[in-house]
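First up is the structure itself, then whatever we jot down about it.
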Amino acid sequence: MKQYPAHRSKAAPASRTLGALAFALALVTLVTQRFDLLTPDTFVLSLSVAAVLAVTAMLCGLIAFVRIWSRGGGGIGSSILGVMLGAVALCAPAAVLGLLIVDPELTDVTTDPDEPPLLVEALPHSDQAVLVWMASHVRNTAWIQYQEAMRAERSAAELQLELYPDIVPRRYRITPGELHAAAKKAVDELNWRVVDELPPDLLDAPTALWAEETTQLLGLKHDIALRVRPDPVGALLDVRSRSQSPLREFSGNANVIRGLMSEIDRVLLETYGDLERLAVEESELQEDAPLEVFERDRETIPLPSFKPYFEDDEGLSADAFELDDLEG
């Protein structure tokens, strides 16, 4: 009996090899990005190469599977493995791109949109030129343009109030110096890096604190600014969070501010034991008695109770103050 040679698929081993390369590249890229060993441009380019390899591996695997199904032969396991590795490797680039398209968020969120706290300079665009270019092309998609058209009719303050109604200034019945100490302790507990600080020289003097937050998954960075100012109640806290790059994770700037506020409340509760006595809500502030003391209008200008003494005044001597002349 004549035996025909079994069909040997070349696409199946190619799919397995390409899938393994894509999976390894995506994994190494995520790990090195998490430990801040890559620049934003290198991270995006590496994920792009991994995505191309993953898609190629999946196509080769599907082609090999169809040919083996119709012609027979070996290699079915390699084709399935190549498709699975390619699909897993494609998850990371798809997630990064999907977060930019499906759920774009504000890259700069603050509790005071009208007068936000000052921030240190973000990462220059020259260090992430490729990322900025890709993000600008992503923003040209129909879905993004539709969302931006809906947002263009509202100001930044109105848009933030609609998206994050809970991101508002916080008032506390303690001095600015005490609130600054609690905020700094909260930043230390969150393991954020302190970039700069304006410490209080007096208990009621304005203070500021600048920090840098790193996300847990991809190691993306956010610039944080805390501003503490005197308030009729005691102290007023404002926080601002800004992304250093267009990339984002599942937790954005709003969640960064929420996490910081919660940690400050925990520190105050641990220190003073009664948070309701310290934190002041806007509704409660309106119900309180007037905080400013107004004086009645005076009909005449009040005179000083004593006459200042100047050495060059003529006619002044020790006798004018009924003092003894010790020099005789």
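The values are calculated or read from the model by the stated rules, or taken from the named source; none is laboratory data. The model shown is predicted, which means the values in this text are computed figures rather than measured ones. Cβ: placed from backbone, ideal geometry, glycine included. Neighbour counts: every protein chain shown. What goes into the accessible areas is simple: the full protein's heavy atoms, side chains included, and nothing from ligands, DNA or RNA. Shrake-Rupley method; radii C 1.70, N 1.55, O 1.52, S 1.80 Å.
Of all residues in segment 156-180, those that are assigned to a loop (DSSP other than H, G, I, E, B), more than 24 Å from Thr207 (Cβ to Cβ) and touching an Asp or Glu at 6+ places or on another chain (Cβ under 7 Å) total 0. Regarding Glu249, is this residue of a type in the set (Asp, Glu) and open to solvent by 20 Å² or more (accessible area, probe 1.4 Å)? In short, no. Of the set (1) over 16 Å from Arg171 (Cα atoms); (2) in contact with a helix residue (DSSP H, G or I) (Cβ under 7 Å, 6 or more places away or on another chain); (3) modelled with pLDDT of 95 or more; (4) not charged (D, E, K, R), all apply to Leu237 but (1). Taken over segment 201-217, the criterion of being open to solvent by 80 Å² or more (accessible area, probe 1.4 Å) and free of Cβ contacts under 8 Å to residues at least 60 places away in the same chain is satisfied by Asp201, Leu202, Leu203, Asp204, Gln216. Scanning segment 166-189 for residues that are open to solvent by less than 50 Å² (accessible area, probe 1.4 Å) and more than 15 Å from Leu278 (Cβ to Cβ) yields Ile167, Val187. Of the candidates Gly73, Gly77, Gly86, Gly82, the single residue that is modelled with pLDDT of 75 or more, touching a Ser or Thr at 6+ places or on another chain (Cβ under 7 Å) and not polar (S, T, N, Q) is Gly82. Scoring Ala205 on the criteria (1) outside any helix (DSSP H, G or I); (2) in contact with an Asp or Glu (Cβ under 8 Å, 6 or more places away or on another chain) leaves a single failure, condition (2).
When we screen Thr107, Thr17, Thr32 for residues that are more than 23 Å from Leu131 (Cβ to Cβ) and out of contact with any Asp or Glu (no Cβ under 9 Å at 6 or more places or on another chain), the only hit is Thr17. Within segment 48-61, the set of residues being open to solvent by 40 Å² or more (accessible area, probe 1.4 Å) and within 14 Å of Thr17 (Cα to Cα) comprises Val52, Leu53, Val55, Thr56, Met58, Leu59.
The set of residues from segment 11-47 being of a type in the set (A, V, I, L, M), in a helix (DSSP H, G or I) and surrounded by fewer than 16 Cβ atoms within 10 Å (Cβ to Cβ) comprises Ala24, Leu27, Val28, Val31.
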